């Protein structure tokens, strides 16, 4: 059987193993009245720029985007003349809450570095919602973010997409009905972490064997559950026949009273089965082009799709292949050189990954500092691309922080662009956002004003900052 | 206004100092006296009447008693005192009044979260191997400088023409010496007059000082004693002879960079440097704005990272984006440096400067913080940092506002020579651009 046919057989008739209702989102959007943002330069995130544009928000959703829109009488009118409006920014790679501020040993919860393959852990169970980094990111216009485990492990665990809202619990931040992601890592980090302990993997080849063994185990697990499903179905049919009065042999009667035993649940393989079924997008920390090519072949071997390579310092070397396979690159504007695998970093990486038809370039942070200024990070990448001769107007570059990011997180049908029906996750900037001088004036999530620079909150959002001297009056 | 108590404590301190040798004790005494006289600066008058006054003295308890406070001191205690007209009055309605209570033997102010070692300063450990410490002030990192590094052409193409090479140590508070170098590609790149000693202080260095930052000052004092009187160095000496010689040079106005953030620690550093003849430079200074007046008064410059705005550690709780603006307004000399001492994307320093402007720093001050001010701070202002006759012709022509992130250097001259903007990064770009 070819690889593809084997996969097709495995995927049929498999029950949903992960209990989708466990630890579910309790997020409720704050109540939102109608809002008309008027006369701004609007970047929709879908590639359009509207000068002197309006955005109408009703019931927490984008109702209309255009010029000279009419609003209901009770709508709050925001005059945004001279200002720019974009969708809320989305960071696909953050460790806020799991490596929080302050950086204390007690709260370093990003890497379950006690075994190289840990698809059983969910990063959301490590999130500290009081991390001051969340409100700092909100002030930078970030409305949605994916929190991921670190990169110590070959398979680090499930990531989670959250809305950047105040909450005592992480469940109160979870993006409703967004899929979990799976974090994987290739390259130097896992083999250093485990090789130094004298454990596998200690080489790149050991790492690939590790991924393959994990997914083989998942396929085996799925077979066991399929077998159980078949036996259960057969049992139920016989039960139905018996009660309908059909006769069976005495021996069969004795056997069929008990339903079949289900296999034991295994949290690790449950997650990987979700990946193989296409329910869990895969996000892979990977720097070198050759290693990314290996991971694409791994995905082909087991029939799953890579949503995005993260960091992807050499993604520019395989930009065409990534675009052809619909794989996004979540990249930095200019980080390079800390490790050998990042030695070939260039400042035109984002622009070159963006260049091909269907290219999906994303600017990510992986940092509590640069998440506060993703617009500036994108600006740097935009400028280097333009200098190299590429055409990158603002309405194209904004996609790196909005539509493309939403696509990688499989939430593009609900947010990431200013289009009717989408969540009203919106930022009003004081000027062109692609500038070091740009500041987010107002940030809306589901149409509710979550940050207003003109009326900063009297108290910090984070309980940790309450009563601390950060905001005491300057001398 | 110095009070009687303040005078007394000063007098006490000076007699104490005269009776003993040792600059460390003098340092402590000066600090204590300063602290006491400052406490009187916010004195108040108040009249508390009709309290059950537990005097804790031979007078016992006064039922329906009154207490008059003048200038922060108890002026009178009794029953049926007259309330002066000019004093605010509090009706205790018979409630008990006591002196403030003793809190017991504690670590209040010395231990924020006992389970997190960088926040605990109350305990110090004298056990080996920690106390077979060795410091090497003679370590001079410039001896390893490689002008043929791939980072040099990248820095050049980004308009970065000189840098301060900085030593770091994972085992010693005092890492050694750094020097400013020109990035024009020459071998003998050290710029004379720039040599600086680097010291790290604060909670994150507690592991190098037996667990307490108080011991960091203690160790520095020990090193200084060894430098001043070689005979003082016995077994377990911190320094080697070359180190004593090197450190001694910094005790006569030598420039010492202290990597430190917390407001209380900044004040300690200012006093310590003054007492020991050092010219301090603060590096990091996330909470510097809190003590801006002290820094300005002492003429202590600060090299900060304007992007520091999160409480990354308990030493940086008060970090905020307008740190640069506040310091500048108070008259503190400021320059910029990435906290991570980033070399591979050093050009991000322009983004630091632009961010400071976005949060209130005047544009000219921000540009100065990338040019003339660091040159002044590191003693190289005669040749670097400004466009003026006599300066080396290191010049950059920009395609727009140099503090804007979308700006790229158009042309760079080093020593008057036009530098071709080539680097490994640009060659990789061109290969894959095709």
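For the reader, a short list of remarks on this structure follows.
Conditions tested, residue by residue: (1) closer than 21 Å to residue A:357 by Cβ; (2) within 23 Å of the chain's Cα centre (by Cα); (3) within 14 Å of another protein chain (Cβ to nearest Cβ).
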{"position": "A:416", "(1), (2), (3)": "yes, yes, no"}
{"position": "A:423", "(1), (2), (3)": "no, yes, no"}
{"position": "A:438", "(1), (2), (3)": "no, no, yes"}
{"position": "A:448", "(1), (2), (3)": "no, yes, no"}
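- Within region B:385-434, considering residues that are within 8 Å of chain A (Cβ to nearest Cβ) and assigned to a loop (DSSP other than H, G, I, E, B), the one nearest to residue A:355 (Cα to Cα): B:406
- Scanning region A:457-466 for residues that are modelled with pLDDT under 90 and either surrounded by 11 or more Cβ atoms within 10 Å (Cβ to Cβ) or within 7 Å of another protein chain (Cβ to nearest Cβ) (or both) yields a single hit, A:457.
- Some residue of region B:331-346 being at pLDDT 95 or above, closer than 17 Å to residue B:290 by Cα and at the interface with chain A (Cβ under 9 Å from one of its Cβ atoms): no
- Restricting region B:347-378 to residues that are in contact with a strand residue (DSSP E or B) (Cβ under 7 Å, 6 or more places away or on another chain) and more than 18 Å from residue A:377 (Cα to Cα), the residue that is farthest from the other protein chains (Cβ to nearest Cβ): B:378
- Hits in region B:168-186 - residues which are surrounded by 21 or more Cβ atoms within 10 Å (Cβ to Cβ) and more than 16 Å from residue B:394 (Cα to Cα): B:172, B:173, B:174, B:175, B:176, B:177, B:178, B:179
- When region A:181-203 is filtered for residues that are touching a residue at least 60 places away in the same chain (Cβ under 8 Å), touching a helix residue (DSSP H, G or I) at 6+ places or on another chain (Cβ under 8 Å) and surrounded by fewer than 21 Cβ atoms within 10 Å (Cβ to Cβ), the ones remaining, listed by number, are A:188, A:200.
- The one condition from (1) in contact with a helix residue (DSSP H, G or I) (Cβ under 7 Å, 6 or more places away or on another chain); (2) in contact (Cβ under 8 Å) with a residue 60 or more places away in the chain that residue B:381 does not meet is (2).
- Filtered residues of region A:368-408 (kept if within 14 Å of another protein chain (Cβ to nearest Cβ) and either modelled with pLDDT under 95 or not in a helix (DSSP H, G or I) (or both)): A:368, A:369, A:388, A:389, A:390, A:391, A:392, A:393
- Across region A:337-359, the qualifying residues are those that are under 21 Å from the mean Cα position of the chain (by Cα) and surrounded by fewer than 24 Cβ atoms within 10 Å (Cβ to Cβ), and the one among them that is farthest from the other protein chains (Cβ to nearest Cβ) is A:358.
- Residue A:88 vs. criteria at positive phi and in contact (Cβ under 8 Å) with a residue 12 or more places away in the chain: no
- Extreme residue, nearest to residue B:200 (Cα to Cα), among residues of region B:104-150 that are touching a residue at least 40 places away in the same chain (Cβ under 8 Å) and within 14 Å of another protein chain (Cβ to nearest Cβ): B:118
- Only one of A:318, A:392, A:371 that is in contact with a helix residue (DSSP H, G or I) (Cβ under 9 Å, 6 or more places away or on another chain), within 24 Å of residue A:180 (Cα to Cα) and touching a residue at least 12 places away in the same chain (Cβ under 8 Å): A:371
- Listing of helices (runs of 4 or more DSSP H) fully contained in region A:261-355 that carry 3 or more residues being more than 23 Å from residue B:430 (Cα to Cα): A:267-276, A:289-302
- The lone criterion from (1) more than 12 Å from chain B (Cβ to nearest Cβ); (2) crowded, with 22+ Cβ neighbours inside 10 Å; (3) outside any loop (DSSP other than H, G, I, E, B) left unmet by residue A:365 is number (3).
The values are calculated or read from the model by the stated rules, or taken from the named source; none is laboratory data. Small disclaimer: the values here were computed from a predicted structure and weren't measured. So basically every Cβ, Gly included, is an ideal-geometry build from the backbone, and we count neighbours across all protein chains shown.
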